[in-house]
Every structure is written in C-alpha cells, then in structure tokens.
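Report on one structure; see the data block that follows.
Read-outs: derived from the displayed coordinates by stated rules, not from any lab. Everything numeric here is computed off the predicted structure, so don't read it as measured data. Ideal geometry is used to build each Cβ from the backbone, glycine not excepted, and the neighbour counts take in all protein chains shown.
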Number of protein chains: 2
Amino acid sequence: MTRLVRDTMELRRYIRMLRKNAISIGFVPTMGALHEGHRSLMRRSFKENDRTIVSVYVNPLQFGPGEDFERYPRDMEKDFTACRAEKADVVFAPPVAQMNPPGRTTTVQVAGVSDDYEGAVRPGHFTGVATIVATLLNLVQPDRAYFGQKDYQQSVVIRRMVRDLAIPVDVVICPIIRDPDGLAMSSRNVYLTPEDRKEALRLPAALIRAEQHVLRGETNCDRLRKLMRAAMRSKRADVRVDYADVVHPETMVPLGSVEGHAVLLAVYRVGKTRLLDNRVVAPPGTAAWVG
Amino acid sequence: MTRLVRDTMELRRYIRMLRKNAISIGFVPTMGALHEGHRSLMRRSFKENDRTIVSVYVNPLQFGPGEDFERYPRDMEKDFTACRAEKADVVFAPPVAQMNPPGRTTTVQVAGVSDDYEGAVRPGHFTGVATIVATLLNLVQPDRAYFGQKDYQQSVVIRRMVRDLAIPVDVVICPIIRDPDGLAMSSRNVYLTPEDRKEALRLPAALIRAEQHVLRGETNCDRLRKLMRAAMRSKRADVRVDYADVVHPETMVPLGSVEGHAVLLAVYRVGKTRLLDNRVVAPPGTAAWVG
C-alpha cells in the first residue's frame with residue numbers, strides 16, 4: 001500500500017517510527033511529472049533499502065523569474081498512480097506553504113561548482129536546489145538518496161553539499177534513461193512538438209559522436225567542443241547550443257585534455273525548451289567510473 | 001569515562017551505534033575555553049538526554065580578518081578536564097583540516113536576522129556560525145542542542161536555520177550565567193584587565209536599569225535606548241557602546257514600544273574586547289517567555 005503524506009509533521013512521525021526500528025530508508029526526490037527515469041531511481045532504491053519515499057514537490061526556489069514554474073507539468077493523480085504501480089511506500093507531497101513558509105530566510109549556497117553552466121544561465125537555481133534538497137534530506141533522514149545523472153551539474157552540487165555539511169546520507173547517482181530514439185528522458189520533453197523532437201535528437205547524437213572520438217584516442221577538448229557544436233548545427237533560428245563543454249567530473253572545471261574521466265556536457269535549446277544531456281567518458285583502458 | 005574523539009569518522013561510528021540503540025543524544029557545541037556557562041549547558045543536557053557530547057572547535061569561518069582567531073584562548077587539556085569533571089560522555093575536538101578541508105565551498109546563510117548587530121559589525125560571522133553548526137548537527141545528530149542566551153542573536157540565527165532547513169533537533173537556549181559581580185561569563189573575559197572589568201560592569205548594570213524601567217511601566221524604546229547609553233557612558237576614550245537596542249525576540253527588528261516580550265541587547269567595547277549582554281524583558285503581567 002502506497003501512502004500519500006502531505007503534512008511534514010505526519011512525515012516526521014513516520015520517519016521517527018522507521019528510525020526507532022532501524023528500518024533503512026531510500027529517498028527519491030522529484031518534481032513530479034514522473035517518467036521512466038524516476039522509476040529507475042525507485043527501483044534502485046527498492047533494492048537497497050527497506051522503505052522507499054518519493055517526494056513530489058515543484059520547488060519554487062529553483063525557478064527564476066520568467067522560467068516555467070507556472071506551466072511546469074503537474075499531475076498528482078498520475079504521479080501517485082506511477083508510485084503505486086512501483087510499490088513505493090510513501091509519496092511525500094508537501095504544500096508550498098509548509099516547505100517555503102513566509103519568513104523563511106535560510107539558504108544553502110554551494111559556491112564554485114554552482115557558478116557556471118546551469119548556474120550561469122539560471123542565477124540562483126542551484127541555491128534553490130541545494131536549499132530544498134537539504135530541507136528534504138533533514139525531513140526524510142534517508143540512508144540513501146537517488147538522483148539522475150541527466151542533471152549532471154545538480155548531482156555534483158548535491159554531492160558537494162552533502163560532503164561539506166556532513167549530511168548523513170549516501171548520494172547515489174543513477175544512469176540516464178533514454179527514449180528509444182536516444183533522447184534523455186525529462187519532464188520537460190512534453191513541451192516538444194514532433195518537429196522539435198527531431199531537432200532535439202542532434203543532442204544525444206553529438207555526445208555519442210564525441211564519445212566515439214575519445215574512444216578512438218582523441219584527447220583534445222577544443223576539438224571535441226567543436227565537434228559537438230558542429231553536430232548540433234540547425235537551420236532553425238530558434239535552435240541553438242547553450243553550451244557544449246568537456247569538464248572535470250567533480251569540479252566542473254573545463255578541461256584542456258581528456259586524461260582520465262571527463263564529462264561531455266551540453267545544453268541544446270529547441271524553441272523555448274532547454275534540453276540537458278551528458279556523457280561521462282574516458283580514454284580507452286581507463287578504469288571504470290565509480291561516481 | 002569521558003572519551004576524546006578527534007576523528008569525524010570515529011564520531012560517525014559512535015553516533016550510528018547510539019542511534020541504532022535508540023539512545024538519546026544531547027549536544028553542547030563550544031569553542032572551548034570552557035567556563036561555568038558551558039557547564040550549565042552540559043548539566044541541562046545530562047538531565048534531558050542519555051548521552052552528552054561536547055564539541056570543542058574554534059571555527060575559523062566565524063572569525064573575520066583582524067579578529068582574534070589566532071589569540072582566542074585555547075587549552076584543550078583544561079577543557080577536557082572540565083568535561084570529565086562534569087562527566088560528559090564524549091568530547092569531540094576535530095582538527096580544522098577535517099571540518100574545513102580545502103575545496104569546501106558550501107555555506108548556510110540566514111538572511112534577515114543575521115544582518116544587523118553582530119552581523120553588521122562582523123560581516124560573514126553568522127554565515128560561519130550557521131555553516132559550522134549545521135555541519136556539527138549533521139555529524140552529531142543530537143535530539144537536543146544547547147546554546148547560551150548570552151549570544152542572543154546567534155540563538156535566533158540558529159533557531160531560524162533549524163526551522164527553515166527542518167533540521168531534526170530541539171534547540172534549547174539556556175540562561176546567561178554571570179560572575180558574582182554581574183558580568184556575563186564569556187571566554188573573552190580573560191582579555192580584561194582589572195580596570196577594564198570595572199568599566200565592563202556598566203553593561204549588565206545598564207540592562208538591569210532598563211529592565212527596572214520596563215517593569216515600572218516604561219514602554220518607549222527610544223527612552224530605554226537613551227537610558228542604557230547614558231548608564232554606559234565612560235571617561236575612557238577606548239570604552240564605548242557598539243549598540244544598545246530593544247528588539248523583537250524572534251525577528252531582531254528594533255521595536256518602537258515594549259508591548260510583549262522584547263530583548264534589551266547591547267555590546268560594550270572595553271579596550272579591544274567586545275562584551276555582549278542581553279535581557280529578555282516584558283511589561284508587568286506578561287506571561288512567561290518560553291523561548
């Protein structure tokens with residue numbers, strides 16, 4: 001039986017009961033509009049924990065002015081049905097009034113890794129993410145929390161925050177789940193028209209192409225950047241590359257040369273929709289990436 | 001047996017064992033140089049918890065450039081002896097390299113209540129406090145954490161942070177402990193010469209005098225401010241009032257009139273030493289202040 005909890009005090013009581021009985025907790029924080037990517041996080045959590053809590057909360061703090069907070073896809077009934085189908089134990093869907101009450105003035109800021117890429121395009125975004133994730137982790141007190149690699153920079157920000165503030169949780173980053181056509185799953189893909197979608201496919205294709213060059217021995221990051229940009233060139237004026245870079249997997253610093261693990265990181269803008277994708281790559285013969 | 005723990009991983013293991021056995025934890029965070037005020041926090045914690053952990057850590061993040069980080073009184077042996085005399089269970093004294101490693105970039109900022117008073121005189125101070133207290137709370141995972149009312153604004157900042165980030169801990173603010181002459185105990189009192197100390201006594205005297213006026217029906221805060229400043233006037237050029245105000249106990253906003261509970265808040269500078277003191281007051285007949 002999947003239980004819907006809206007009240008933070010009710011969640012606290014439930015968590016206290018679990019903690020008292022040494023029942024392990026897995027946590028999947030989401031903004032709803034659940035897709036196969038979220039489901040893969042739940043399944044990983046089921047394997048590794050006694051109980052799994054999925055939060056569904058569209059966090060206003062991480063949206064900037066003029067962004068899609070209002071139109072962000074919301075369908076609580078559908079999301080709850082998806083969690084029930086997966087047999088999640090609890091869906092935690094708190095009201096904004098409880099998570100972000102008036103008079104709330106505390107923020108968590110993760111300098112450095114938050115500054116560029118999404119942080120530059122969306123000022124304040126990662127402070128909003130870090131603040132709400134810290135709050136949710138304090139409420140849910142999970143043993144493990146699951147995030148998708150699709151939002152790569154977010155995963156770096158959260159891991160850095162958890163380490164710096166010694167938050168007692170294991171952060172687990174799970175592989176990107178893709179549609180059969182190769183596009184990384186995202187709640188925002190619903191914004192795409194069929195024509196947009198065809199354009200969008202250049203993004204995963206460009207990353208695969210760059211990865212193939214790395215696997216064939218290319219180490220020069222400037223050449224990889226050019227290659228990705230060339231592969232994403234479009235005739236449409238409203239389709240463009242926000243960024244396409246090769247960065248260090250933990251510091252997000254742009255690399256000159258691929259020596260060990262590196263992240264191919266790109267954002268492709270198709271109409272009004274920004275699509276994020278990435279691939280962790282390494283020269284042939286490098287030991288596996290453990291995240 | 002009081003146990004000295006320096007390593008954060010060793011502390012984590014100990015906490016995990018306590019948590020697994022549902023043993024309640026009281027936490028007294030300190031910067032060492034322990035005095036009777038700290039001891040009163042420990043005694044309160046002993047009463048309310050199965051185990052008490054005292055941290056001794058001089059947090060560089062909360063000192064500004066030119067402040068007394070280097071000369072801040074440190075005597076680990078004496079502090080450990082004091083904790084042992086009180087029968088604290090654990091003294092947690094981590095090295096700076098573990099609490100504040102290079103590459104640490106996360107901060108916790110509590111806007112509003114941090115901005116004025118100590119926050120204005122010491123820019124960044126409360127971000128340093130909030131960041132390290134959040135980190136310590138995540139490491140120790142206490143049921144209750146004990147702070148002295150002497151650092152009034154700090155107690156407001158910490159309570160706000162704990163509420164906003166939903167940190168699962170009860171924050172307990174304990175009364176100011178004073179020397180027989182009336183001066184609030186502080187590790188920095190050791191900086192005072194006997195002559196300084198005579199000057200310093202004007203601070204608690206001014207607060208008592210203002211309180212007496214409130215108890216006799218004075219509600220006008222401007223008159224209370226003038227009264228405090230007048231009571232602290234000195235002939236010495238290096239003795240001065242940094243601030244003397246009447247503020248709201250939760251928002252730190254200056255009040256026009258004492259209607260309910262209010263905080264008389266003052267900092268007196270004697271030579272190079274800044275002395276903090278405060279009193280929570282209320283008009284006659286007001287219900288007790290519960291903090």
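Counting alpha carbon pairs within less than 8 Å and at least 6 residues apart, what relative contact order, in whole percent, applies to chain A? The normalised contact order for chain A reaches 17 percent. Among A:Pro142, A:Pro94, A:Pro204, the residue with the largest mean-square fluctuation in a Gaussian network model of chain A, with springs joining Cα atoms closer than 10 Å, is A:Pro94. Start at zero, step by 10 Å, and the Cα-Cα distances of segment A:62-106 spread as 20, 38, 33, 9 percent across the bins. By the rule of a C-alpha distance below 17 Å, with chain neighbours fewer than 8 residues away ignored, the lysines paired with A:Lys47 are A:Lys87. Straight-line cross-link partners of B:Lys226 among the lysines, defined as a Cα under 30 Å from its Cα and at least 8 positions apart when in the same chain: B:Lys150, B:Lys198, B:Lys235, B:Lys272.
The Cβ shell under 10 Å around B:Arg104 holds other residues with a net charge of +1, Lys and Arg each +1, Asp and Glu each -1. Taking the C-alpha atoms only, the angle from helix B:8-20 to the longest principal axis of chain B is near 90 degrees. Here the protein assembly as shown carries DSSP beta bridges of which approximately 55% are antiparallel, counting only pairs with both residues inside. Using alpha carbons only, the radius of gyration of segment B:193-248 set against its Kirkwood radius gives Rg/Rh = 1.01. Placing a label point 7 Å from the Cα of A:Met17 along the Cα-to-Cβ direction, the distances to the matching points in the other copies come to 3.1 nm, shortest first. Peptide A:127-139 has a mean shielding of 3, counted as Cβ atoms of other protein chains within 10 Å of each residue's Cβ. Take the Cα of B:Ala237, go 7 Å toward its beta carbon, and the backbone nitrogen atoms of segment B:254-291 under 20 Å from that spot belong to B:269-274.
Compute the acute angle (0 to 90°) between the alpha-carbon long axis of helix B:221-231 and the principal axis of greatest extent of the alpha-carbon atoms of chain B; round to the nearest 10°. Roughly 90 degrees, rounded to the nearest 10.
Once the Cβ-Cβ distance of B:Gln98 and A:Lys47 is raised to the sixth power relative to R0 = 30 Å, the FRET efficiency obtained is 0.40. Helix B:36-48 axis versus longest C-alpha principal axis of chain B: approximately 60°, rounded to the nearest ten. Expressed to the nearest 5 percent, the antiparallel share of DSSP beta bridges inside chain B is 50 percent. Each 5 Å bin from zero up to the one holding the largest Cα-Cα distance in chain B carries the following percent of pairs: 1, 5, 12, 15, 18, 17, 13, 9, 5, 3, 1, 0, 0.
Dividing the summed helix terms, -39500 (n - 2.57) for each DSSP H run of n ≥ 4, by the number of residues in chain B produces a 222 nm estimate of -11000 deg cm²/dmol to the nearest 500.
Take B:Thr193, push a point 7 Å out from Cα through the beta-carbon direction, and compare it with the same point in every other copy: 8.3 nm, smallest first.
Annotation for B:Arg74, label-to-label distances across the other copies: 5.2 nm (shortest first, one decimal, point 7 Å from Cα along Cα→Cβ).
Just the Cα atoms of the protein assembly as shown, one point each, no solvent: what log10 I(q)/I(0) does Debye give at q = 0.07, 0.08, 0.10, 0.11 Å⁻¹? Each listed q maps to, in turn, -0.51, -0.65, -0.93, -1.07. Residues whose amide H falls under 5 Å from that of B:Ala145, counting only those 5 or more places apart or on a different chain, are B:Phe27, B:Asp170, B:Val171, B:Val172, with hydrogens built in the peptide plane. If you look at the Cα atoms of segment A:187-280, you get an Rg and a Dmax of 13.4, 39 Å. Quick one: check the C-alpha center-to-center distance for segment B:27-53 versus segment A:170-210, whole angstrom. Using only Cα atoms, the two centres lie 54 Å from each other. Across all directions, the average projected area of the convex hull around the alpha carbons of segment B:3-174 is 9.6 nm².
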